[in-house]
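This report concerns only the one structure given below.
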Amino acid sequence: MASAASSLASQFSGLRREAAKPSFSTAHLFHAVQSQLRLPSTRRPIRSVVAMAGTGKFFVGGNWKCACNHDDYYFGIYNDFCLKPVQILQNGTKDSIRKLVADLNDSKLENDVDVIVSPPYVYIDVVKQSLTERIEISAQNSWVGKGGAFTGEISVEQLKDIGCKWVILGHSERRHIIGEDDQFIGKKAAYALSQNLKVIACIGEKLEEREAGKTFDVCFEQMKSFADSISNWKDVVIAYEPVWAIGTGKVATPEQAQEVHVAVRDWLKKNVSPEVASSTRIIYGGSVNGGNCSELAKQEDIDGFLVGGASLKGPEFATIVNSVTAKKVTA
Ligand code: PEP
């Protein structure tokens, strides 16, 4: 898999390839990225700074999906994404939500990270009322236009009314299980943004697409649909989530993820603008956990994470949020 993507990598002039190849020493890394460092506004001597390729703040989102505890989550995932009749023995309950919220409220989270969680719709209100304001709320989906006679759908207006700031759109489970196509997802993004609901725009290839050497083609096609519909990228975070890594325990290597992130940033540079390429956060999703987050976070173009299973455990999610420290270099 790695070789299919690597052979394509040479076709792209990623932003990093325009600069001299950075050395891996701390001093050189600092020098290479100093124009992108977020310096704390303090008169005291600077101790550490976040070194990132983009200019956006580190971002970590938790996608609670349709499950509210870890065991439910994996029971569902490992049954072919619920395509077979799955008995989820004990689906998320108010009690499991209360415990997760309490754990998150007790967590110590680094300051320089945007943190969001995305509960199932039915629990958004209760989570909003009990969760620390440090963490913003996202929906997992939204209707494509203004609310009306669309049975079973949830409108952007309603999400805003109950305090959502974000919505996840284009998640692979909605693309490949529910059947949403690129254009429909692009229209959803445009509508959400028009109503000031910020968007986590998901892209990513399936295993057979990666093996066929189509990783970049697929991601760029999905990017194009978003770009065709989005005029203002200020409130957009891109989540690169290879489908083969979601809920499988098979995380992309830091190099695999970085390679796609560079290519997506380069695509933005060429097809939208250099400013958007620099300021738009590109986060990685797919089996991120407390053990692998730091190595992934060290990659220059990984601006954060979208986390499924591991976001259902408060302390582990906090570890992932705090992996921003792996990006810090001494100044
Ligand atoms: C996701 O669903 O967005 C996701 C990344 O899931 P997981 O972390 O469980 O792979």
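The values are calculated or read from the model by the stated rules, or taken from the named source; none is laboratory data. Owing to the predicted nature of the structure, the values given are computational and were not obtained by experimental measurement. Counting neighbours? That spans all protein chains shown, and the Cβs are built from the backbone with ideal geometry, glycine included. These accessible areas exclude ligands, DNA and RNA; they are computed on the full protein's heavy atoms, side chains included. Shrake-Rupley method; radii C 1.70, N 1.55, O 1.52, S 1.80 Å.
Being more than 13 Å from the ligand (Cβ to nearest atom) and open to solvent by 30 Å² or more (accessible area, probe 1.4 Å) is the filter; apply it to region 53-68 and report the residue that is modelled with the highest pLDDT.
LYS57
Within the group GLY291, GLY314, which residue is modelled with pLDDT of 95 or more, farther than 20 Å from ALA201 by Cα, within 16 Å of the ligand (Cβ to nearest atom) and in contact with a Ser or Thr (Cβ under 8 Å, 6 or more places away or on another chain)?
Going through GLY291, GLY314 in turn, the sole match is GLY314.
Is it fair to say GLU241 is acidic (Asp, Glu) and either within 25 Å of GLN183 (Cα to Cα) or open to solvent by less than 60 Å² (accessible area, probe 1.4 Å) (or both)? Even if it seems obvious, please write down each step before you answer.
On the way: acidic (Asp, Glu): yes; either within 25 Å of GLN183 (Cα to Cα) or open to solvent by less than 60 Å² (accessible area, probe 1.4 Å) (or both): yes.
Criteria met by GLU241.
With the condition kept exactly as written, say whether any residue in region 118-130 is closer than 23 Å to VAL60 by Cβ, in contact with a Leu (Cβ under 8 Å, 6 or more places away or on another chain) and open to solvent by 70 Å² or more (accessible area, probe 1.4 Å).
Looking through region 118-130, none of the residues is closer than 23 Å to VAL60 by Cβ, in contact with a Leu (Cβ under 8 Å, 6 or more places away or on another chain) and open to solvent by 70 Å² or more (accessible area, probe 1.4 Å).
With open to solvent by less than 20 Å² (accessible area, probe 1.4 Å) and polar (S, T, N, Q) as the only criterion, which of THR319, THR280, THR325 stands out?
THR280
Is it true that GLU275 is modelled with pLDDT of 95 or more, away from the ligand (no atom under 16 Å from the Cβ) and of a type outside the set (Ser, Thr, Tyr)?
Criteria met by GLU275.
Every residue, every condition in (1) assigned to a helix (DSSP H, G or I); (2) open to solvent by less than 10 Å² (accessible area, probe 1.4 Å); (3) farther than 23 Å from GLU110 by Cα, yes or no:
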position	(1), (2), (3)
LYS269	yes, no, yes
ASN289	no, no, no
LEU306	no, yes, no
ALA310	yes, yes, no
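Quick check on region 247-260. Is at least one of its residues buried (at least 21 other Cβ atoms within 10 Å of the Cβ) and in contact with a Cys (Cβ under 8 Å, 6 or more places away or on another chain)?
yes
Considering only region 212-267, state which residues are small (Gly, Ala, Ser), within 16 Å of the ligand (Cβ to nearest atom) and either part of a helix (DSSP H, G or I) or in contact (Cβ under 8 Å) with a residue 60 or more places away in the chain (or both).
Initial filter on region 212-267 (small (Gly, Ala, Ser)): 212-213, 225, 227, 229, 231, 239, 245, 247, 249, 252, 257, 263.
Imposing the further condition that a residue be within 16 Å of the ligand (Cβ to nearest atom) reduces the set to 239, 245, 247, 249, 252, 257.
The answer is ALA239, ALA245, GLY247, ALA257.
Can you spot a residue in region 158-177 that is under 16 Å from the mean Cα position of the chain (by Cα), within 16 Å of the ligand (Cβ to nearest atom) and surrounded by fewer than 20 Cβ atoms within 10 Å (Cβ to Cβ)?
Yes, because at least one residue in region 158-177 is under 16 Å from the mean Cα position of the chain (by Cα), within 16 Å of the ligand (Cβ to nearest atom) and surrounded by fewer than 20 Cβ atoms within 10 Å (Cβ to Cβ).
When region 291-304 is examined, which residues are found to be open to solvent by less than 30 Å² (accessible area, probe 1.4 Å) and small (Gly, Ala, Ser)?
Hits for region 291-304 are ALA297, GLY304.
I'd like the full set of residues that are more than 15 Å from the ligand (Cβ to nearest atom) and outside any strand (DSSP E or B), limited to region 319-331. It would help to see each step written out before you state the result.
First, pick out the residues of region 319-331 that are more than 15 Å from the ligand (Cβ to nearest atom): 322, 324-331.
Once the filter is applied, which keeps residues that are more than 15 Å from the ligand (Cβ to nearest atom) and outside any strand (DSSP E or B), region 319-331 yields ASN322, VAL324, THR325, ALA326, LYS327, ALA331.
Need pairs with beta-carbon distance below 7 Å; first residue within 19 Å of GLY145 (Cα to Cα) and within region 192-205, second modelled with pLDDT under 95 and surrounded by fewer than 18 Cβ atoms within 10 Å (Cβ to Cβ); sequence gap 6+ or separate chains.
Every condition considered, the pairs that remain are LEU193/ASN232.
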